[in-house]
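J.: Dumping the structure here so I can ask a few things about it.
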Amino acid sequence: MKVVTIIGTRPEIIKMSSVLPLLDKNFNHILIHTDQHYDYEMDKIMFEQLALRMPDHRLNTSKASPALQIGEMICQISEILEEQKPDFVIVQGDTNSTMAGAIAANKLKIKVIHIEAGCRSFDYRMPEEFNRIVTDHLSEILFAPDNVAIRNLKKENINEEKIKFVGSTVFDYSNRNKKFVDKTIVEELGLKENKFIVATLHRQENTDNPAVLKELISALEAVAEKIPIVFPVHPRTQKAIGEQKIKLSSNIITTKALGYIEVLSLLLASRFVMTDSGGVQEEAAAFNKPCLILRDVTEWSRLVDAGKNFIATTKKENIIMYAERLLNDAELDRIKKINYESDIGASEKIINILKNYSND
Ligand code: UD1
């Protein structure tokens, strides 16, 4: 069986790092990279750090506008698919690359497999929300990470036979990749175990709205007066901070976007996490670090319902209130002791379902 996988961004590389080697092992597998993320820090470093083989094809797509880029991705992916004629095209998550891959495959009548199907924020300011909906509705097999996602898909009248619960790949890739962790970055930044917070911010609804970004930075500064914050800055956030002429206080330790292994090392040594990233919310839970979500909604409500993660919103007073709670040792301890179900083995389940599907 011939399978094409399409990736294009930092989180897709990381989230697929437990699945890609299994695809290579079990199928005639071709990997396409759309070039959506192209900076060394957002792309190549992930392949190096996670010991992943390089893609077979790398597209050359415009960075001028998302619409132009998506159009070019569809054209270039179609050319490769027409030549390769795979049985399936696998896409993951909710990026422009995800949707472009699904459209190209669907137009060529090639079955689309969507990993992380059914995630919804119901926040229609998010470009990713539309990518998810389009991709799910074009897919033949929808691998859902949790029951919330399954419920969302059923509500959208997706044929139930297409939906397969496998769990999230976060537990598999976190287990796979923790062997690469080292403490260098923690020591280099002069940080002490459990005595600092890791923060990330990059969602467009947060960075591109000056009032929201200022409020969030001001909240981080207030919290950083009580405990050091390490803030690896995403290129989009860096651009917005520059454009909006925001000056960060020296209590916040900023770095450029870091490699995944550095983030993982910081996460493991931190007291708790503050983020608007989807992947970081899940990784925090996988390593039992409480997480304050710097948004009003989350796709990973399962972790909020479990009492591990908290929607701290984008309002300064709420964020400070939640952070103060987590600075209390007894409260931190209580949250860490909460058990919740982790679904190890999602990556293997995906492979087995695909193998059985091809035998039918
Ligand atoms: C988004 C989606 C997610 C989807 C993914 C790919 C949401 C809320 N999330 O990812 O559901 O699966 O796109 O389709 O829409 N990291 C670094 N260096 C840093 C900072 C973070 O390596 O400096 C790592 C984190 O450890 C994590 C990943 O990057 O593994 C997160 O990437 P991010 O860019 O935050 O995207 P998401 O919001 O997770």
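J.: State which residue is farthest from residue 82 (Cα to Cα) when the search covers only segment 97-125 and only residues that are more than 12 Å from the ligand (Cβ to nearest atom) and among the β-branched types (Val, Ile, Thr).
T.: By that ranking, first place goes to 113.
J.: Let me ask you something else. Could you check how many residues of segment 45-59 are exposed (fewer than 15 other Cβ atoms within 10 Å of the Cβ) and either hydrophobic (A, V, I, L, M, F, W, C) or at pLDDT 95 or above (or both)?
T.: 4
J.: Six or more apart or on different chains, Cβ under 6 Å: which pairs go from a residue in segment 242-271 that's away from the ligand (no atom under 11 Å from the Cβ) to one that's small (Gly, Ala, Ser)? Could you list them?
T.: Here the result reads 251/224; 252/224, each pair linking segment 242-271 to a residue that is small (Gly, Ala, Ser).
J.: With 353, 344, 311 as the choices, which residue is at pLDDT below 95, under 27 Å from residue 95 (Cα atoms) and surrounded by fewer than 23 Cβ atoms within 10 Å (Cβ to Cβ)?
T.: On the way: 353 fails: at pLDDT below 95; 311 fails: at pLDDT below 95.
Selected residue: 344, the only one of 353, 344, 311 that is at pLDDT below 95, under 27 Å from residue 95 (Cα atoms) and surrounded by fewer than 23 Cβ atoms within 10 Å (Cβ to Cβ).
J.: Here's a follow-up. If you go through segment 34-44 one residue at a time, do you hit one that is more than 22 Å from the chain's Cα centre (by Cα) and buried (at least 22 other Cβ atoms within 10 Å of the Cβ)?
T.: No.
J.: When you scan segment 198-207, do you find a residue that is of a type outside the set (S, T, N, Q) and over 30 Å from residue 93 (Cα atoms), even just one? Explain how you work it out, then say what you get.
T.: Initially, segment 198-207 is screened for residues of a type outside the set (S, T, N, Q), giving 198-199, 201-203, 205.
Cutting the leftovers down to over 30 Å from residue 93 (Cα atoms) gives us none.
Checked against the condition, which is being of a type outside the set (S, T, N, Q) and over 30 Å from residue 93 (Cα atoms), segment 198-207 yields no hits at all.
J.: Being in a loop (DSSP other than H, G, I, E, B), out of contact with any Gly (no Cβ under 7 Å at 6 or more places or on another chain) and of a type outside the set (A, V, I, L, M, F, W, C) is true for just one of 298, 255. Which residue is that? Let's see the steps before the verdict.
T.: Values: 255 fails: in a loop (DSSP other than H, G, I, E, B).
Going through 298, 255 in turn, just one is in a loop (DSSP other than H, G, I, E, B), out of contact with any Gly (no Cβ under 7 Å at 6 or more places or on another chain) and of a type outside the set (A, V, I, L, M, F, W, C): 298.
J.: What number of residues within segment 157-203 satisfy the criterion of being under 14 Å from residue 262 (Cα atoms), surrounded by fewer than 13 Cβ atoms within 10 Å (Cβ to Cβ) and among the charged types (D, E, K, R)?
T.: Of the residues in segment 157-203, 4 are under 14 Å from residue 262 (Cα atoms), surrounded by fewer than 13 Cβ atoms within 10 Å (Cβ to Cβ) and among the charged types (D, E, K, R).
J.: So if I check each of 58, 132, which one is away from the ligand (no atom under 16 Å from the Cβ) and not hydrophobic (A, V, I, L, M, F, W, C)? Before the answer, list the steps.
T.: Working: 132 fails: away from the ligand (no atom under 16 Å from the Cβ).
Selected residue: 58, the only one of 58, 132 that is away from the ligand (no atom under 16 Å from the Cβ) and not hydrophobic (A, V, I, L, M, F, W, C).
J.: Are any residues in segment 153-171 part of a loop (DSSP other than H, G, I, E, B), within 14 Å of residue 341 (Cβ to Cβ) and of a type outside the set (Ser, Thr, Tyr), and if so, which ones? Before you say what the answer is, go through the steps one by one.
T.: In the first step, residues of segment 153-171 are kept if they are part of a loop (DSSP other than H, G, I, E, B); the result is 156-159, 166-169.
Subset that is within 14 Å of residue 341 (Cβ to Cβ): 166-168.
Within segment 153-171, 166, 167 qualify.
The values are calculated or read from the model by the stated rules, or taken from the named source; none is laboratory data. Quantities reported herein were computed from a predicted structural model and do not represent experimental measurements. Don't worry about glycine lacking a Cβ; one is built from the backbone with ideal geometry, like all the others, and counts go over all protein chains shown.
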